[in-house]
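Written out below as structure tokens is the structure these notes cover.
The values are calculated or read from the model by the stated rules, or taken from the named source; none is laboratory data. These figures come from a predicted structure and were not determined experimentally. Cβ: placed from backbone, ideal geometry, glycine included. Neighbour counts: every protein chain shown. Heavy atoms of the whole protein, side chains included, go into the accessibility calculation; ligands, DNA and RNA do not. Shrake-Rupley method; radii C 1.70, N 1.55, O 1.52, S 1.80 Å.
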Amino acid sequence: QVQLVESGGGLVQAGGSLRLSCAASGRTFSNYAMGWFRQAPGKEGEFAASISWSGANTIYADSVKGRFTISRDNAKNTVYLQMNNLKPEDTAVYYCAATSLPHLRVGGGSYNYWGQGTQVTVSS
């Protein structure tokens, strides 16, 4: 089992920045690729970013590319999502997830473990 706890959400004005953190415990963190997903009110969840177990490879949704950066610190068992130039449409609950599958994954069904989510609200 892997337990994931997100933090760092909050209320920010458009154009501002936030950094989300996801602390992992349980099995060896570096064995898992990690992803960030988000779900806006009344909408389906969507993929935001993913990072390989080593941190060498990343992938982003087109909607966040160039504004968000995913990173990880395996010594701290933590994955981050730096979000810059935030827009009102980025408002959502953000979830981190872990997958034991190889290669970067954009489908939520590929992830074995999920956190409880952290709310991000961007005001216009």
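Okay, here's what the table says:
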{"read-out": "Net length gained if the chain between TRP114 and SER17 were fully extended (0.36 nm per residue, minus Cα distance)", "value": "32.6 nm"}
{"read-out": "Added length on full extension, which subtracts the Cα-Cα distance from 0.36 nm per residue, ASP73 to SER124", "value": "15.1 nm"}
{"read-out": "Partner aspartates and glutamates for LYS87 [C-alpha distance under 17 Å; skip if fewer than 8 residues away on the same chain]", "value": "GLU46, ASP62"}
{"read-out": "Cα centre as origin, Lys/Arg/Asp/Glu Cβ charges: region 29-76 dipole, Debye", "value": "120"}
{"read-out": "Contour excess over end-to-end distance, with Cα ends at ALA40 and THR58 and 0.36 nm allotted per residue", "value": "4.2 nm"}
{"read-out": "Carbon plus sulfur fraction of accessible area for the chain, probe 1.4 Å, in percent", "value": "48"}
{"read-out": "Rounded to whole Hz, the Karplus (6.51, -1.76, 1.60) HN-Hα couplings of region 112-119, x for glycine and proline", "value": "8, 10, 9, x, 8, x, 9, 7"}
{"read-out": "Spin-label pair GLN3/LYS87, simplified geometry with 7 Å Cα→Cβ offset, distance in nm", "value": "3.8"}
{"read-out": "Heavy-atom surface of the chain, accessible at 1.4 Å and reported per residue (Å²)", "value": "50"}
